[in-house]
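Beneath this line is the structure, given in structure tokens, with notes to follow.
The values are calculated or read from the model by the stated rules, or taken from the named source; none is laboratory data. None of these values were measured; they are calculated from a predicted model. Note: ideal-geometry Cβ built from the backbone for every residue, glycine included; neighbour counts use all protein chains shown. Ligands, DNA and RNA are stripped out before the accessible areas are found, and what is left, the full protein with its side chains, is counted by its heavy atoms. Shrake-Rupley method; radii C 1.70, N 1.55, O 1.52, S 1.80 Å.
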Amino acid sequence: MPTVRIDNQTGASLATQHLLDLGHTTVHHVAGTPDWPEAQERVVGWSSALRAAGAPVPARRPGQWSAESGYERGLALARDPSVTAVFCGWWCGPAPPAFAGMGR
């Protein structure tokens, strides 16, 4: 059966590099569950891009593939004034409102 697969590692690397190119000194990552292969691939792409740029690699924030989890992770990051860039997947769409709710 034909299938289509996303290159999660390259996509994460490109997204992270884009945020670095915008002037952010590092990029935080709200990741999927550690046992999910796609989440692992994104972590590799994100952390590789940071290392290649000589940027700090913050601790990743694993979530549970839910909007609630994305909001909670986003809120935790929004409370840290040093956080200026976050890379995350579709399920953490509520993370930006968490930042907005903190006035950021």
Structure-based [θ]222 nm, the chain - -39500 (n - 2.57) summed over DSSP H runs of at least 4, per residue, nearest 500: -14500 deg cm²/dmol
Inter-label distance for THR33 and ALA52, nm, one decimal - labels placed 7 Å from Cα along Cα-to-Cβ: 3.0
The chain: C-alpha gyration tensor shape, a/c 1.5 cut-off, then a/b vs b/c: oblate
Sequence of GLU72, GLU41 from largest to smallest accessible area, 1.4 Å probe: GLU72, GLU41
Dipole-positive endmost among LEU75, GLY32, LEU14 within the chain (Cβ charges, Cα centre): LEU75
